[in-house]
1. Tell me which of these C:Gly40 doesn't satisfy, since it passes every other one: (1) assigned to a helix (DSSP H, G or I); (2) crowded, with 20+ Cβ neighbours inside 10 Å.
2. Report yes if A:Val275 is assigned to a loop (DSSP other than H, G, I, E, B) and buried (at least 21 other Cβ atoms within 10 Å of the Cβ), otherwise no.
3. Right, A:Ala166: at pLDDT 95 or above, surrounded by 20 or more Cβ atoms within 10 Å (Cβ to Cβ) and within 14 Å of chain B (Cβ to nearest Cβ) or not?
4. Condition (residue is on the phi > 0 side of the Ramachandran plot, under 12 Å from the mean Cα position of the chain (by Cα) and in contact (Cβ under 8 Å) with a residue 40 or more places away in the chain) applied to segment C:193-214: is it met by at least one residue?
5. I need the full set of residues from segment B:181-194 which are facing another protein chain (nearest Cβ under 8 Å) and either in contact (Cβ under 8 Å) with a residue 24 or more places away in the chain or not hydroxyl-bearing (Ser, Thr, Tyr) (or both), in order please.
6. Consider B:Ala237 carefully, then state whether it is farther than 17 Å from B:Gln95 by Cβ and outside any loop (DSSP other than H, G, I, E, B).
7. Kindly evaluate B:Ser122 against the criterion of being without any contact (Cβ under 8 Å) to a residue 12 or more places away in the chain and of a type in the set (Gly, Ala, Ser).
Amino acid sequence: MSAPLVVVQAAQTTRVGKTGFAVGIVIVSVIAAAALIGNALVPADPFVQDLGNRLKPPFWMEGTQPEHPLGTDQLGRDYLARLIYGARISLLIGIMTVITSGLIGITLGVVGGFFGGRVDDVVLFAITTRLSIPVVLVALAVVGLMGSGLGLVVATLGLLLWDRFAVVARATTMQVRTLDYVSAAWCAGASTRHILMKEILPNIASHLAVVATLEMALAILLEAALSFLGLGVPPPLPSWGLMIAEGKDYMFFSAWVIFIPGAALFTLVLGINLVGDGLRNLLGTERLR
Amino acid sequence: MSAAIEVVNLRREFRVRSGLLAPQRHVIAVDDVTFSVPTGGVLGIVGESGCGKSTLARLILGLLAPTSGTALVEGKRLFALDRKERARLIQPVFQDPFASLNPRRKVRDIVALPLDAQGTFSAAEIERRVAQILERVGLSAEMGERMPAQLSGGQRQRAAIARALVLEPHIVICDEPTSALDVSVQAQILNLLADLRRDLGLTYIFISHNLAVVEHVASEVAVMYLGRIVERNETDALFREPRHPYTQALLASVLTPEPGRGVPDVGLGDVMPDPANIPPGCRFHPRCRIAIERCRVEPPLPMARGAEGMVECHLA
Amino acid sequence: MSALLDIEDLEVTFGRTAAVRGASLRVETGETHCLVGESGCGKSVTALAVMNLLARGGHRSAKRMSFAGTDLLSLPDRDMARIRGNRMSMIFQEPMTSLNPAFTVGSQMAEVLTRHKGASRAEALERAVELMGRVGITAPDMRLGQFPHQLSGGLRQRVMIAMALMCDPQLLVADEPTTALDVTVQAQILRLLASLKREFGLSILLITHDLGIVARVADRVSVMYAGEVVERAPTAQLFSAPQHPYTRGLLSCVPAPGKVRRDRPLGSIPGTVPMIPPGFAGCAFRSRCAHAIEICEHEIPRKSAGAAHDYLCRLMPRELEPQPA
């Protein structure tokens, strides 16, 4: 009875909202492209040190060198090359963490939401327990005890950041489970596996995509924080957090050493959040069916 | 004529707790329901919210397990069947055409699902049967390639009917199949259901709150109130001579499109039926205009009336 | 006598979609006017346009739209807000979503009076109790403190009606007020509306798809199809001598109890409601009409079939064929 109302709701995404989404997509695409092929385009090597050429400023300041458009760091390594490599690390960590935490959280949430009863009690208990754990402290503790490394960071964050996936997956599964098409599939004799994978998951996927973008941004920030504290990606890998840490000592004289990776981090996280918000706006106008 | 389905003393209770500190309440959604439907017949089940007709449908379809009671489908014990066996015998058509089709799958795949799930049909056989049933319900092959959102309400309901019939079941449970459709489309779907029943020898259990539709469609009607069947009879007999006061009130409140007759006073009073608080004695007595003392205390037993009829009332 | 609500040639568009393409109707003082049609015909949008409650992106225009002599089209929002809920109020189909679940019934009802008439909260609550009694709500003092979820559907709808009456409106717009209710409760609510109409001198614009309600309750009827009012008539005439092919088709679809023939198919209208593209001309029903000819693709005349009965069709007025026995 409400065809015109549906038309009306879709039209409510404002122009600002749509611009934000577009901007976010552009930002993330540019950074992703840079991460993939950037280091091939920039001649400098991010790891080669040149101690005679330390702390050369970037192109908008005096004393800049044309072959180092973003200057050099305290060991003479080309900053642009390091920045681009760092993008690769941030994105890699973001994606790998989201895949890990997504698999854990979605499985738990869907299973708990669909089966209910004792199974759901267990899932809720797991979620509540996880929510009472201070993520950053645990991450610090794990990495502190077991040493730093890319794989370890991904594993730690992946095993800690699944809660929002689980909560959203559980809530949406519980809503979808009561819908008639799931009942019809049940009556048609479809296996539980089919119902979970083909009837429920595709219909909650859009909501999970929104969670994925936001968790990715969080993972990237957390990794930067860990690396800043020296407990994340080990040097000489140019994680942006590590670059910020290394630039700490030169903060007052060569502020750009911190500013550049900081701005890059901010831009990437902003872009991802804009994409997530945009997705939520697009999908929020759909009733959960 | 043998019975396609026989339900005996079917019962379903729920335990509901409203709030952390509130005591648990017993909701008896379906209370000792017994009926049988002959092969090729249509049993209409009518009643208002809280009467348990949807719960009854879900019990028969296997979406809910009964607390107690049995059902026989062509001699087999229904609740002992596994889902695939049950799927070959009983299929549903639900009310809301927008919610009964998976919005992320093509219509063709949705209709093929019962065949897929059996695991015994070849891909070619599935394709043939799907094409056949789509045509039979009035959908083109091209519509089968679309997503549900691209079909109208009536077309979606046809797709739901196609899905229900593709496995050639014997019994179809129609739970308000036309209530969410426009009047002009409703008639199309009802006509389709009638044709299919004749051609395929189906048996229907047709649940509806729309008495006019039930009168048109059913050969026998059962009236449910707060979980029990309070009256059952052949359709014409029930509509001509309703015996239970609730049936009478129900029929009186149907607004036929006859101008100038005003809105009748059905005389039911203000008390709303609450399945969690079933009154003692006859469960209808707080709203009954002819209730006597006995009704408040003693629940009436089902009594046979006429060849097919049954009523549960001290005064009928 | 000028009508209480007078709409002529209302058009409502959402972007490029025209939800209403030409609706004209008049609600006289003291009458129940039914606006009937199937889903998507634009009847709800018409009501929202009158109340100026169209969602963002909706644009309305009309040759005339006046309420008790006041032109609604040029009325500034602030003045419209003073009329809405006060002299013209609306009740909706789903009482659960029309009542705010976070506030008690009493406070929601009182707010209407305190905002519009500047009454004190105590006065407003007193009137709320009085009205709840009038609409048949038992123990109204207790209800004041209850939340919407604690009430049944029928009770919630009664609360909606009482709330709509708080400021003694002249016109009540009811959008499918009983569709979500059980049939026995529906009868009670409709009887209530009829008695309130008599008692308060209320005019009612009742929107519905149920022809049974129309027959029993309406004084006059406007039938809508695909955004247009295709026929207007006093109730008895609409049912005894329907002129527009859509009206006739609709009436033949409704199973009439007592006249049931199980061996014959129900009447139905073939096809489905078409999408109306911008710039559409002619009759929207032609794709489903047995009498459509070439001329139906152009301007459709509005014909008269008796006192206060007109319809949009090229066919001349005719008697209803006797139904096959």
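1. Status for C:Gly40: all satisfied but (1).
2. no
3. Working: at pLDDT 95 or above: yes; surrounded by 20 or more Cβ atoms within 10 Å (Cβ to Cβ): yes; within 14 Å of chain B (Cβ to nearest Cβ): no.
Here the answer is no, as A:Ala166 does not meet what is asked.
4. no
5. Passing the criteria: B:Asp182, B:Val183, B:Val185, B:Gln186, B:Ala187, B:Gln188, B:Leu190, B:Asn191, B:Ala194.
6. Considered against the rule, which asks whether it is farther than 17 Å from B:Gln95 by Cβ and outside any loop (DSSP other than H, G, I, E, B), B:Ala237 comes out as yes.
7. Considered against the rule, which asks whether it is without any contact (Cβ under 8 Å) to a residue 12 or more places away in the chain and of a type in the set (Gly, Ala, Ser), B:Ser122 comes out as yes.
Residue-wise test of (1) under 25 Å from C:Leu192 (Cβ atoms); (2) at the interface with chain C (Cβ under 9 Å from one of its Cβ atoms).
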{"residue": "B:Thr235", "(1), (2)": "no, yes"}
{"residue": "B:Phe239", "(1), (2)": "no, yes"}
{"residue": "B:Leu250", "(1), (2)": "yes, yes"}
{"residue": "B:Val254", "(1), (2)": "yes, yes"}
{"residue": "B:Pro257", "(1), (2)": "yes, yes"}
{"residue": "B:Leu268", "(1), (2)": "yes, yes"}
{"residue": "B:Phe284", "(1), (2)": "yes, no"}
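The values are calculated or read from the model by the stated rules, or taken from the named source; none is laboratory data. Note that this is a predicted model, so its numbers are computed, not measured. Please note: Cβ atoms are built from the backbone with ideal geometry, for glycine as well, and neighbour counts cover all protein chains shown.
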